[in-house]
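For reference, the structure discussed in these notes is given below.
The values are calculated or read from the model by the stated rules, or taken from the named source; none is laboratory data. Just so it is clear, the model here is predicted, and its values are computed rather than measured. With ideal geometry, Cβ positions are generated from the backbone for all residues, glycine too; neighbour counts draw on all protein chains shown. Accessible surface areas use protein heavy atoms only, side chains included; no ligands, DNA or RNA. Shrake-Rupley method; radii C 1.70, N 1.55, O 1.52, S 1.80 Å.
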Amino acid sequence: MNMLLQSPWVPRLADIEANAAERLVLALADDIIEGRLTGGDRLPAHRDLAWKLGIGLGTVTKAYAALERRGLTRSVKGRGTFVAIRHARKDRQIDLSSNAPPASLNARLLARTLTAVARKIDADHLNLYAPPAGHLEHRRVLARWLETLGLMVEPSHLVLTSCARQALALAFDLACGSQGLLLTERITYPGAIALARRKGYRMQGVRIDAEGMVPEALADALDGAPAGSKAVYVTPTLHNPTTATMGGERRQSIAEICRRAGAWIIEDGVYTPAEPTLLPLTALAPEIAFHVNGLSKSLGPGLQIGVLALPAGFNQAAEGALQDMPLAPSPLACAVVEEWLITGVIPSIQQDLRHEARRRSSLAVALLGRAELVSDPGAYNAWLPMPRDAANRFASAASVAGIKLTPPEAMMVDREDRASGVRLCLGGASFEDLTEALTLLATWLKSDDEFRETSL
């Protein structure tokens with residue numbers, strides 16, 4: 001009988017700078033996620049483990065309690081403590097790391113659209129390669145769409161790509177060059193940080209508040225910047241990940257500061273449709289601004305079209321950059337957008353998306369119930385401010401429990417910044433899976449002191 005109750009785990013403490021309880025928690029969590037322990041395995045008895053590791057009995061009790069609150073173990077009275085989940089890599093995973101909109105398109109709308117497109121599409125758009133910046137007809141279609149967002153752009157000043165991230169990469173290249181400085185919110189879109197690091201740009205984080213980038217902090221950063229090209233990458237509407245939206249005065253201030261400093265603006269406008277009454281930054285400073293947009297966030301992830309609006313004088317440089325690696329979007333996707341503009345379908349799709357975003361945001365607020373939670377009814381994510389170390393532990397624990405979160409450091413311009421947080425992407429998972437994941441995360445937040453300390 002005793003042999004059956006032997007624990008297969010080899011006792012150890014994680015090799016990190018932390019107290020003994022935290023080191024024990026991380027050691028056990030790592031072995032669960034790596035499959036060295038699996039569902040049903042017994043953990044060592046409290047007193048035996050304390051003796052083998054040379055730590056206090058209370059330390060083991062505290063660590064086991066933290067593991068159980070996270071759903072990783074379960075205690076059975078009179079028998080001991082057991083691993084509660086199977087190897088995470090073999091189980092279904094709920095993805096809260098991708099900031100995608102909820103599903104909005106139905107088969108009937110798609111069939112009706114494709115039938116109409118089949119009667120109208122220009123076969124040459126499929127038979128021939130597109131020009132580097134995209135077919136002029138398609139640029140006209142996207143210029144009409146940008147008008148609905150309050151941005152008037154000549155089709156000849158647009159470049160089309162197959163996704164918004166490609167448009168962003170092109171904007172970085174054009175505005176920064178190889179030696180330029182890129183200033184952005186100190187916590188920002190992880191895709192932008194990954195792009196900048198991969199291309200070797202110098203990056204500098206700028207202080208943020210509840211309305212986004214702080215004008216005074218930006219002015220100070222630009223004043224102290226070395227000579228050379230300078231670009232300010234900013235997301236004024238529903239900033240990812242903090243959901244902050246700049247008011248009109250803040251936008252005017254940012255535009256004027258960049259104009260005085262001779263800095264280019266790279267505006268990430270993919271969430272602009274959520275606040276149609278606020279003018280894009282590019283409309284306030286068109287002579288110095290690159291506007292990056294796309295259709296996947298406002299209509300659906302499968303509609304991959306990126307749009308880059310250029311300031312005057314950049315057309316030739318953009319086309320030159322695209323000569324060797326064309327990025328034009330699918331002609332079929334452009335034809336779908338044109339059909340939806342003609343038939344007036346786009347406002348209906350966006351209304352459905354806003355409704356579902358509000359439903360999911362309300363769910364997060366109701367389940368998590370924390371005053372520190374930052375959310376917006378129009379956003380596809382919520383933000384939970386947290387010190388960096390706590391945020392990393394939270395994401396690691398979620399991974400073990402089968403919930404995928406964005407690594408906190410992926411959103412931090414300065415990896416040594418102490419203030420970080422957890423981004424909870426609400427749009428991609430089914431509503432049932434989202435409810436399940438948020439319920440578990442809420443249990444940790446309400447019961448575990450590790451995650452209670454917050455920072456801005």
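If you go through the range 274-291 and pick out every residue that is out of contact with any Cys (no Cβ under 8 Å at 6 or more places or on another chain), over 17 Å from PRO241 (Cα atoms) and either modelled with pLDDT under 95 or not small (Gly, Ala, Ser) (or both), you end up with 12. Of everything in the range 165-188 that is farther than 18 Å from LEU327 by Cβ and open to solvent by 50 Å² or more (accessible area, probe 1.4 Å), the residue that is modelled with the lowest pLDDT is SER178.
The criterion of being touching a His at 6+ places or on another chain (Cβ under 8 Å) and either outside any helix (DSSP H, G or I) or modelled with pLDDT of 90 or more (or both) holds for VAL60.
So for the range 90-101 (the condition being of a type in the set (Asp, Glu), farther than 24 Å from GLN351 by Cα, outside any loop (DSSP other than H, G, I, E, B) and open to solvent by less than 70 Å² (accessible area, probe 1.4 Å)), does at least one residue qualify? The answer is yes; a qualifying residue exists.
Any residue in the range 34-45 that is more than 13 Å from PRO8 (Cβ to Cβ) and modelled with pLDDT under 90? Looking for residues that are more than 13 Å from PRO8 (Cβ to Cβ) and modelled with pLDDT under 90, one finds at least one in the range 34-45, hence yes. Of all residues in the range 99-148, those that are under 13 Å from ALA309 (Cα atoms) and touching a residue at least 60 places away in the same chain (Cβ under 8 Å) total 6.
Condition check ((1) open to solvent by less than 40 Å² (accessible area, probe 1.4 Å); (2) in contact with a Ser or Thr (Cβ under 9 Å, 6 or more places away or on another chain)) across all residues:
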position: TRP9; (1), (2): yes, no
position: ARG23; (1), (2): no, no
position: ARG36; (1), (2): no, no
position: ALA50; (1), (2): yes, yes
position: GLY54; (1), (2): no, no
position: ARG69; (1), (2): no, yes
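Output the residues belonging to the range 103-147 that are part of a loop (DSSP other than H, G, I, E, B), under 15 Å from LEU299 (Cα atoms) and open to solvent by less than 60 Å² (accessible area, probe 1.4 Å). Selection gives SER104 alone. Contact map, the range 226-241: first residue within 30 Å of ARG354 (Cα to Cα), second residue hydroxyl-bearing (Ser, Thr, Tyr), Cβ cut-off under 6 Å, separation 6 or more or different chains; pairs are TYR233/THR184; THR237/THR245; THR237/TYR271; THR237/THR272; LEU238/THR245; LEU238/TYR271; ASN240/TYR189. All but one of (1) under 22 Å from TYR271 (Cα atoms); (2) touching a residue at least 40 places away in the same chain (Cβ under 8 Å); (3) touching a helix residue (DSSP H, G or I) at 6+ places or on another chain (Cβ under 6 Å) hold for PRO155, so report the exception by its number. Failed condition: (2).
Go through the range 382-412 residue by residue and tally those that are open to solvent by less than 20 Å² (accessible area, probe 1.4 Å) and in contact with a Ser or Thr (Cβ under 7 Å, 6 or more places away or on another chain).
Step one: of the range 382-412, the residues open to solvent by less than 20 Å² (accessible area, probe 1.4 Å) are 382-386, 390-391, 394-395, 397-398, 400, 402-403, 405-406, 408, 411-412.
Add one more test, that the residue is in contact with a Ser or Thr (Cβ under 7 Å, 6 or more places away or on another chain), and what stays is 382-383, 385-386, 391, 405-406, 408, 411-412.
Final tally of qualifying residues: 10.
Looking at the range 332-348, is at least one residue acidic (Asp, Glu), assigned to a helix (DSSP H, G or I), out of contact with any Gly (no Cβ under 9 Å at 6 or more places or on another chain) and open to solvent by less than 60 Å² (accessible area, probe 1.4 Å)? Yes, there is a match, as at least one residue in the range 332-348 is acidic (Asp, Glu), assigned to a helix (DSSP H, G or I), out of contact with any Gly (no Cβ under 9 Å at 6 or more places or on another chain) and open to solvent by less than 60 Å² (accessible area, probe 1.4 Å). Residues in the range 205-221 that are buried (at least 17 other Cβ atoms within 10 Å of the Cβ) and part of a strand (DSSP E or B): GLY205, VAL206, ILE208, GLY212, MET213. Would you confirm whether or not the range 74-85 contains a residue that is open to solvent by 40 Å² or more (accessible area, probe 1.4 Å) and either among the acidic types (Asp, Glu) or assigned to a helix (DSSP H, G or I) (or both)? Among the residues of the range 74-85, not one is open to solvent by 40 Å² or more (accessible area, probe 1.4 Å) and either among the acidic types (Asp, Glu) or assigned to a helix (DSSP H, G or I) (or both), which makes the answer no. Among the residues in the range 149-170, are any touching a Lys or Arg at 6+ places or on another chain (Cβ under 8 Å) and assigned to a loop (DSSP other than H, G, I, E, B)? No, there is no match, as no residue in the range 149-170 is touching a Lys or Arg at 6+ places or on another chain (Cβ under 8 Å) and assigned to a loop (DSSP other than H, G, I, E, B).
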